[in-house]
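A.B. asks: Structure incoming, see below.
The values are calculated or read from the model by the stated rules, or taken from the named source; none is laboratory data. All of these numbers come straight from a predicted model, not from anything done at the bench. Glycine gets a Cβ as well: all are built from the backbone with ideal geometry, and neighbour counts include every protein chain shown.
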Amino acid sequence: MTKKVEDIVKLIRSENIRMVDFKMIDINGQFRHVTIPAKDFGEEIMEKGVGFDASNYGYAVVEKSDMVFIPDPDTAAIDPFCEIPTLSMGGNVLIIDTPENRPLPQYPRNIVAAALKYMRSTGIADKMLILPEFEFYLFDDVGWKIGADGISASVNAKQSYWNSMTEGKGVVVPKQKAYHIAKPYDVSYECRSEMCMLMEEAGIKVKYHHPEVGASGQFEIEPMPGEMGMMADATMTIKYIIKNTALKYGLSATLMPKPVYGEAGSGMHVHMLLFKGGKPVFSDDDGYAHLSKTAHWFMGGLLKHIASLCAITNPSTNSFKRLIPGYEAPVTVGYAMSNRSAVIRIPAYAKQPEERRFELRNPDATCNPYFCYAAILMAGLDGVKNRIDPHENGWGPYDVNLYNLPEEEKKKLKGLPTSLDAALDALEADHDYLTEGGVFPEALIENFIRLKRKECLDINAVPHPVEFEKYYNS
């Protein structure tokens with residue numbers, strides 16, 4: 001049901017709301033916010049919005065940075081982490097212009113809306129459902145230092161194997177052996193259950209939560225599939241709930257792809273399904289893995305553009321420390337049934353026509369979810385339009401464990417980019433599929449690449465502790 005201003009005003013009165021918090025999204029997919037007294041919320045705010053300087057969000061040059069945020073009533077929800085009763089609202093961003101304001105094409109929610117509009121214009125589908133899986137670590141302590149006199153980082157999880165001599169109760173988990181481990185070793189169960197309850201209260205249906213492989217505090221929460229635009233908003237809310245609930249329990253949550261050396265990394269696998277007229281587009285009883293030709297072409301588009309996609313789906317230098325062999329992370333450009341070593345996996349348990357799908361396994365939660373989901377859709381649609389068959393292109397299906405292939409066979413496989421710099425090179429060379437239909441503005445892609453290049457330069461300039469081990473006595 002679409003909410004109206006009067007619905008929000010009634011909610012403010014009935015719940016004794018004192019503040020209304022407007023949450024905006026910057027180019028990196030992080031929340032920023034502005035708060036007004038609840039008594040000032042009304043039609044004028046909905047019509048005129050709240051002005052802000054978008055140059056600080058990474059979107060606009062200073063000369064054209066004045067923007068206005070327009071709240072979306074359908075996003076209204078009480079913020080459970082504010083002591084003062086606070087109503088939280090997302091929304092869209094407009095450029096202040098004459099004779100009237102116009103949507104900022106670079107704003108994440110506007111990108112998703114443009115991608116969905118483009119999808120419908122192609123006639124391929126009218127609805128996209130996605131299901132992102134959220135892997136994360138919970139630490140009891142974390143700290144880091146970057147300075148001229150030292151470079152260091154440390155994490156601690158009391159159930160980790162490295163605390164076997166100090167924990168005192170023997171409640172420790174062996175390295176890489178935490179998958180689905182139960183109490184008493186699952187020490188953060190209540191914290192995660194509360195996370196899930198808060199997600200349900202926010203209208204996000206949760207499938208389950210459980211310990212993941214990493215023994216040093218790795219876990220997963222998986223929601224139910226949702227419409228792409230809604231799930232992009234939900235992704236922001238889920239990350240917000242995970243981080244704030246962890247702090248409530250005296251823990252620190254991170255969705256960083258590789259926070260612990262020698263343990264499993266955290267991804268954000270994205271399952272996807274298309275529908276047209278209420279019928280599943282990806283289902284075919286006679287196709288490989290019961291997937292239709294359209295599904296295979298969609299996978300073909302993802303695999304063709306996977307190197308450039310990585311710049312958007314894995315936009316941190318740390319992302320590529322996860323995408324290495326030996327930790328169930330994808331490293332090979334290919335597709336297969338139930339094979340976690342290929343970048344596209346087709347889950348064998350999705351047997352009903354309306355459930356048949358595949359997952360892209362390389363994304364992680366350092367991405368801007370709006371850019372990530374929209375880019376995935378655009379790459380897939382390009383594959384359907386151009387009938388890119390993944391089998392004919394030599395991308396599988398790989399129904400063997402690719403990690404165990406002989407070295408000679410491994411050399412024949414195409415791998416994912418091994419660094420953010422390499423992924424950005426690919427995005428510079430291959431992004432026409434993103435700008436199709438005006439979905440991703442060229443200026444956004446150029447600005448995104450520029451900002452990420454600077455991140456790479458900043459990080460590459462810092463000596464690494466491993467370099468001391470390798471080179472100090474050279």
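A.B. asks: Would you confirm, using the coordinates I've provided, whether Gly229 is within 20 Å of Ala77 (Cβ to Cβ) and in a loop (DSSP other than H, G, I, E, B)?
C.D. replies: Numbers: within 20 Å of Ala77 (Cβ to Cβ): yes; in a loop (DSSP other than H, G, I, E, B): no.
Answer is no for this residue.
A.B. asks: As an exercise: evaluate Ile241 against (1) farther than 21 Å from Leu360 by Cβ; (2) out of contact with any strand residue (DSSP E or B) (no Cβ under 6 Å at 6 or more places or on another chain); (3) without any contact (Cβ under 8 Å) to a residue 40 or more places away in the chain; (4) not hydroxyl-bearing (Ser, Thr, Tyr) and give the number of the one condition it does not meet.
C.D. replies: (3)
A.B. asks: I'd like the full set of residues that are hydroxyl-bearing (Ser, Thr, Tyr) and either crowded, with 20+ Cβ neighbours inside 10 Å or not in a loop (DSSP other than H, G, I, E, B) (or both), limited to the range 243-269. Outline the logic, then answer.
C.D. replies: Taking the range 243-269 and keeping what is hydroxyl-bearing (Ser, Thr, Tyr), we get 245, 249, 252, 254, 261, 266.
Once the filter is applied, which keeps residues that are hydroxyl-bearing (Ser, Thr, Tyr) and either crowded, with 20+ Cβ neighbours inside 10 Å or not in a loop (DSSP other than H, G, I, E, B) (or both), the range 243-269 yields Thr245, Ser252, Thr254, Ser266.
A.B. asks: When you scan the range 412-424, do you find a residue that is among the β-branched types (Val, Ile, Thr) and under 13 Å from Leu303 (Cα atoms), even just one? First the steps, then the outcome.
C.D. replies: As a first pass, look at the range 412-424 and keep what is among the β-branched types (Val, Ile, Thr): 418.
Then keep just the ones that are under 13 Å from Leu303 (Cα atoms); that gives none.
There is no residue in the range 412-424 that is among the β-branched types (Val, Ile, Thr) and under 13 Å from Leu303 (Cα atoms).
A.B. asks: Does Ile238 satisfy the condition of being assigned to a loop (DSSP other than H, G, I, E, B) and under 30 Å from Pro353 (Cα atoms)? Step through it out loud before you land on a result.
C.D. replies: Numbers: assigned to a loop (DSSP other than H, G, I, E, B): no; under 30 Å from Pro353 (Cα atoms): yes.
No; evaluated as a whole, the condition is false for this residue.
A.B. asks: What single numbered condition from (1) under 20 Å from Cys367 (Cβ atoms); (2) buried (at least 20 other Cβ atoms within 10 Å of the Cβ); (3) modelled with pLDDT of 95 or more; (4) of a type in the set (D, E, K, R) fails to hold for Glu212?
C.D. replies: For Glu212, the failing item is (3).
A.B. asks: Ok, one more. Taking the criterion of being assigned by TED's automatic domain parsing to the domain that holds Ile12, touching a residue at least 60 places away in the same chain (Cβ under 8 Å) and of a type in the set (Val, Ile, Thr), would at least one residue in the range 61-78 satisfy it?
C.D. replies: So far as the range 61-78 goes, yes, one or more of its residues are assigned by TED's automatic domain parsing to the domain that holds Ile12, touching a residue at least 60 places away in the same chain (Cβ under 8 Å) and of a type in the set (Val, Ile, Thr).
A.B. asks: Can you list the helices (runs of 4 or more DSSP H) lying wholly within the range 365-474 that have 2 or more residues being at pLDDT below 95? Talk me through it step by step, then tell me what you get.
C.D. replies: Working: elements: 369-385, 407-410, 420-429, 432-435, 442-460, 465-471.
Correct list: 407-410, 442-460, 465-471.
A.B. asks: Now a separate question. Pairs needed: first member in the range 129-149, in contact (Cβ under 8 Å) with a residue 40 or more places away in the chain and over 24 Å from Thr313 (Cβ atoms); second member anywhere, part of a strand (DSSP E or B) and β-branched (Val, Ile, Thr); C-beta distance under 8 Å; at least 6 residues apart or different chains.
C.D. replies: Phe139/Val155; Phe139/Thr254; Asp141/Val155; Val142/Val155; Val142/Thr254
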